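Structure record follows, encoded as structure tokens.
The values are calculated or read from the model by the stated rules, or taken from the named source; none is laboratory data. If you're wondering where the values come from, they're calculated on a predicted model, not measured in any experiment. Quick reminder, even Gly has a Cβ in these numbers, built from the backbone with ideal geometry, and neighbours come from all protein chains shown. Each accessible area value is taken on the protein alone, full model and side chains, heavy atoms only, with ligands, DNA and RNA left out. Shrake-Rupley method; radii C 1.70, N 1.55, O 1.52, S 1.80 Å.
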Amino acid sequence: RAAAPATEIASVCPYCGVGCQVGFRVRDGAIEEVVGRDGPSNQGRLCVKGRFGFDYLAHPDRLTRPLVRISPKDPADCLDPRLARTKFREADWEEALALAAGGLARIRDRSGPNALAGFGSAKGSNEEAYLFQKLVRTGFGTNNIDHCTRLCHAASVAALLEGIGSGAVTAPFMAAAEAEVIVVIGARPTENHPVAATFLKEAAARGAALVTLDPRGSALDRHAQEVVRFAPGRDVPMLNAMLHTVIEEGLYDRQYVAAHTEDFAALREHVAALTPEAMAPLCGVPAEQLRRVARLFARARTAMILWGMGISQSTHGTDNTRCLIALALLCGQVGRPGTGLHPLRGQNNVQGASDAGLIPMMFPDYRHTDDDAARAHLEDLWGARLDPTPGLTVVEIMQAMERGEIAGMYIMGENPAMSDPDVAHARAALTKLEHLVVQDLFLTETAALADVVLPASAWPEKDGTVTNTNRQVQMGRAALPLPEGVRQDLDIIVEMANRLGLPWDYAHPREVFPEMAAATPSLANITWDRLEREGSVTYPCHSPDRPGEAIVFGDRFPTASGRARFVTAGLRDPDEMPDERYPLVLTTGRQLEHWHTGSMTRRAGMLDALEPEPTASLAPAELARRGLAPGQRLRLETRRGAIELAARADPALPEGLVFVPFAYREAAANLLTNPQLDPFGKIPEFKYCAVRVEAV
Ligand code: SF4
């Protein structure tokens, strides 16, 4: 008998912000193969995660029954899921939901709304993110709602909102096809946005001048005309020197600056003394190269800047971004084909989750909580009173837990017990919570500290929309039925809302979308039906039957004056400098094969086989100088903790710098990292702290 043909379901990859469209080929209730579809951001291409990263769906660790705590919490449970599992009993949904919502309601009624907080997910749909923040704001009654954007591009968004009035990209990464010069700084797209990297490489092959700037080398360097290897944590002096060059050599676009910007005089005065010669010793880049790159960018007819976590995950992340915005504005490189500012977004739906309002100081569409008109609009739409006071951010919520000010939390699809800086403190804080509800696929490190765990749906099991790094809103479709015992995330949020007193009856994301669009003016002319038909629509979109605007701000910026602002960035050291006891610098990040805290990819057989264990990478010369060899067990220690893992030699690293990926439970990089925050974007300094390395 011939086997039944596979059915192909069109959806979107659940990993990175590129938002590749995929076809899930399903046979006998399982994904047999994943193929790339002709989506606007991938044109049929996929990377190794999108192609092979789905067997986590049927992993034996998958939760299929709600769990209720029966033994006291212990931060050590984060290290051992089997031990953690013994601290829970299974419960039916009715009991688990009653306990989950009841505990939160008890704290709200006893201690007030601000004793509660919620973390939503950048890996769920827009509709789930929208409902989750609405639940926290109207059911809990607080703005203490945040998500992983606080740990990735919060600094970029802060600077973009301040400078150009919008936190999203001004152009898609495919605009690089028309750029004469492409600047990639603080990003490793070949590992973290692999399909986007293929378009950048193609642009370089067609003749664009690619400039890569990073303390670490990357595979993209092979395609670059200029490779700038600057000292870790010294972006601001390097970029100020380039701004100085463009202004003092008269290379800036006077007409553009006069017509579209303000505060140029303050920038000119600020960078007057920051010459390449003065900045070179600080940033470690020869003055002549600083001038050469500045001239290349300024003289280009079209140029764009793309950046990643290397820019934003820093105590001066907002300042870094201010410099990039200033460079683009000075040279008039915004608003035309081949130009633009593009922060490469990390998670598949971090753009959409932010747009939908998973942000403590802003409602959906980035309208401030203290904006009376925005609040009145939402109070009318939601039929509820809203608090004008901004809520706390991710790390501030952890600190408030430690002080005992936050007693209850609802966390959906986030894993702060692995992703927060100085994670031993984060785990201790989570352990102190009186009541923690976690909704996830697995007993993650965070779920191991919960009071109630609710088994949730995975992306290939759900319908919903997501928004990628290019502002493309895309339709995801369920390819598989839910495993028995598991419920849709959206249903769980609605059930929780009902038990917290909200009379919601949304049965499907298509019923949520129109309300979300009403709360989010940026989604005008984008409807569920249109997304069903077209698969992807870019916002802003000015007509129901025309494509959205890929490139924005050609004539005016969405600021009060219609102009963009130059904001200066002063020179500051990273928060924690190396010293005699901790003589090296630690930086952290992702790998091609593993996604964030590893909860999915470490349970995906092929991906875990490619990168099965934690490693600390150092320059071969650094290893040799310390008498260490690749493969040797190392102990890494910072002022906050220590981990043990294998040494790896990486010629792309400069001496003095150590790289550790943060996906590994058994050597959690964030036990080491510095929780100090950028004062504006409130993002921690994941990319720089002092570390000591020795053989075990
Ligand atoms: Fe998925 Fe990103 Fe890879 Fe595309 S590039 S397949 S979105 S992980």
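May I ask you to list pairs of residues, at least six apart or on different chains, whose Cβ atoms are under 6 Å apart, with the first in region 29-47 being among the hydrophobic types (A, V, I, L, M, F, W, C) and the second being open to solvent by less than 60 Å² (accessible area, probe 1.4 Å) and near the ligand (Cβ under 9 Å from one of its atoms)?
Sorted first by the residue in region 29-47, then by its partner, the pairs are V34/V22; L46/C20; L46/G36; C47/P194; C47/V195.
When only residues in region 69-99 that are open to solvent by less than 20 Å² (accessible area, probe 1.4 Å) and at pLDDT 95 or above count, which is nearest to I643 (Cα to Cα)?
The extreme case among them is F88.
When you go through E495, E461, E434 one by one, which is the residue that is open to solvent by less than 10 Å² (accessible area, probe 1.4 Å) and either at pLDDT 95 or above or within 13 Å of S125 (Cα to Cα) (or both)?
The match here is E461.
What single numbered condition from (1) within 16 Å of the ligand (Cβ to nearest atom); (2) small (G, A, S); (3) within 25 Å of A447 (Cβ to Cβ) fails to hold for A84?
Of the numbered conditions (1) within 16 Å of the ligand (Cβ to nearest atom); (2) small (G, A, S); (3) within 25 Å of A447 (Cβ to Cβ), the odd one out for A84 is (1).
Any chance you could count how many residues in region 44-64 are more than 19 Å from L480 (Cβ to Cβ) and either basic (K, R) or part of a strand (DSSP E or B) (or both)?
1
Take the residues in region 315-348 that are of a type in the set (G, A, S) and open to solvent by less than 10 Å² (accessible area, probe 1.4 Å); name whichever of them is nearest to the ligand (Cβ to nearest atom).
G346
Which count do you get for residues in region 173-192 that are assigned to a loop (DSSP other than H, G, I, E, B) and either closer than 22 Å to F557 by Cα or open to solvent by less than 10 Å² (accessible area, probe 1.4 Å) (or both)?
The number of residues fulfilling the criteria is 2.
Under the condition of being part of a loop (DSSP other than H, G, I, E, B) and open to solvent by 20 Å² or more (accessible area, probe 1.4 Å), which residue from region 219-240 is farthest from R292 (Cα to Cα)?
P232
Confirm whether T170 is in a loop (DSSP other than H, G, I, E, B) and under 21 Å from A300 (Cβ atoms).
yes
If you go through region 87-100 one residue at a time, do you hit one that is out of contact with any strand residue (DSSP E or B) (no Cβ under 8 Å at 6 or more places or on another chain), away from the ligand (no atom under 16 Å from the Cβ), assigned to a loop (DSSP other than H, G, I, E, B) and of a type outside the set (A, V, I, L, M)?
Yes; the residues of region 87-100 include at least one that is out of contact with any strand residue (DSSP E or B) (no Cβ under 8 Å at 6 or more places or on another chain), away from the ligand (no atom under 16 Å from the Cβ), assigned to a loop (DSSP other than H, G, I, E, B) and of a type outside the set (A, V, I, L, M).
From the list P514, P540, P544, exactly one residue is open to solvent by 20 Å² or more (accessible area, probe 1.4 Å), within 16 Å of D365 (Cα to Cα) and assigned to a loop (DSSP other than H, G, I, E, B). Which is it?
Step by step, each of P514, P540, P544 is checked, and only P540 is open to solvent by 20 Å² or more (accessible area, probe 1.4 Å), within 16 Å of D365 (Cα to Cα) and assigned to a loop (DSSP other than H, G, I, E, B).
Would you confirm whether or not region 7-26 contains a residue that is closer than 24 Å to E191 by Cβ, within 16 Å of the ligand (Cβ to nearest atom) and open to solvent by 40 Å² or more (accessible area, probe 1.4 Å)?
No, region 7-26 contains no residue that is closer than 24 Å to E191 by Cβ, within 16 Å of the ligand (Cβ to nearest atom) and open to solvent by 40 Å² or more (accessible area, probe 1.4 Å).
Within region 349-391, restricting attention to residues that are polar (S, T, N, Q) and within 16 Å of the ligand (Cβ to nearest atom), which residue is nearest to A155 (Cα to Cα)?
Filtering first and then ranking leaves Q351.
Among A209, A204, A197, A219, which is the only one that is within 16 Å of the ligand (Cβ to nearest atom) and either more than 23 Å from the chain's Cα centre (by Cα) or more than 14 Å from L306 (Cα to Cα) (or both)?
A219
From the list G53, G44, pick out the single residue that is on the phi > 0 side of the Ramachandran plot and of a type in the set (G, A, S).
G44
May I ask you to list pairs of residues, at least six apart or on different chains, whose Cβ atoms are under 7 Å apart, with the first in region 241-263 being assigned to a loop (DSSP other than H, G, I, E, B) and the second being small (G, A, S)?
From region 241-263, the pairs are L251/A298; Y252/A298; D253/G332.
Go through region 100-122 residue by residue and tally those that are small (G, A, S) and more than 14 Å from R499 (Cα to Cα).
Matching residues across region 100-122 total 8.
Hey, could you check region 44-68 for residues that are open to solvent by 40 Å² or more (accessible area, probe 1.4 Å) and over 25 Å from the mean Cα position of the chain (by Cα) and say which is farthest from the ligand (Cβ to nearest atom)?
Filtering region 44-68 down to residues open to solvent by 40 Å² or more (accessible area, probe 1.4 Å) leaves 45, 51-52, 55, 58-61, 64-65.
Okay, now just the ones that are also over 25 Å from the mean Cα position of the chain (by Cα), so 58-61, 64-65.
Numbers: A58: 19, H59: 19, P60: 24, D61: 22, T64: 26, R65: 30 Å.
Here the answer is R65.
Do you know which residues across region 100-127 are in contact with a Pro (Cβ under 8 Å, 6 or more places away or on another chain) and open to solvent by 20 Å² or more (accessible area, probe 1.4 Å)?
If the condition is that a residue be in contact with a Pro (Cβ under 8 Å, 6 or more places away or on another chain) and open to solvent by 20 Å² or more (accessible area, probe 1.4 Å), then K123 is the only one that fits.
Please specify each residue of region 173-194 satisfying the condition of being in contact with a Phe, Trp or Tyr (Cβ under 6 Å, 6 or more places away or on another chain), over 17 Å from A300 (Cα atoms) and either away from the ligand (no atom under 16 Å from the Cβ) or charged (D, E, K, R) (or both).
I185, G186
So, of the residues in region 27-43 that are more than 20 Å from W595 (Cα to Cα) and assigned to a strand (DSSP E or B), which turns out to be nearest to the ligand (Cβ to nearest atom)?
Per the stated criteria, the residue is E32.
When you scan region 519-534, how many residues do you find that are touching a strand residue (DSSP E or B) at 6+ places or on another chain (Cβ under 7 Å) and surrounded by fewer than 21 Cβ atoms within 10 Å (Cβ to Cβ)?
3
What do you reckon, is A479 within 16 Å of the ligand (Cβ to nearest atom) and either surrounded by fewer than 19 Cβ atoms within 10 Å (Cβ to Cβ) or hydrophobic (A, V, I, L, M, F, W, C) (or both)?
Against the criterion (within 16 Å of the ligand (Cβ to nearest atom) and either surrounded by fewer than 19 Cβ atoms within 10 Å (Cβ to Cβ) or hydrophobic (A, V, I, L, M, F, W, C) (or both)), A479 qualifies.
Of all residues in region 383-403, which are in a helix (DSSP H, G or I) and buried (at least 16 other Cβ atoms within 10 Å of the Cβ)?
Those that are in a helix (DSSP H, G or I) and buried (at least 16 other Cβ atoms within 10 Å of the Cβ): V394, V395, E396, I397, M398, Q399, A400, M401.
Does region 264-273 hold any residues that are open to solvent by 60 Å² or more (accessible area, probe 1.4 Å), in a helix (DSSP H, G or I) and in contact with a helix residue (DSSP H, G or I) (Cβ under 9 Å, 6 or more places away or on another chain), and which are they?
Within region 264-273, R268 is the sole residue that qualifies.
When you check G308 against the structure, is it surrounded by fewer than 24 Cβ atoms within 10 Å (Cβ to Cβ), at pLDDT 95 or above and closer than 22 Å to N468 by Cβ, yes or no?
Criteria not met by G308.
Just to be sure I understand the filter: pairs with C-beta atoms under 6 Å, separated by 6 or more residues or on different chains, first member in region 337-350 and touching a residue at least 12 places away in the same chain (Cβ under 8 Å), second member part of a strand (DSSP E or B). Which pairs pass?
T339/M304; G340/M304; L341/I305; H342/L306; P343/W307; L344/L306; N348/V466; N349/V466
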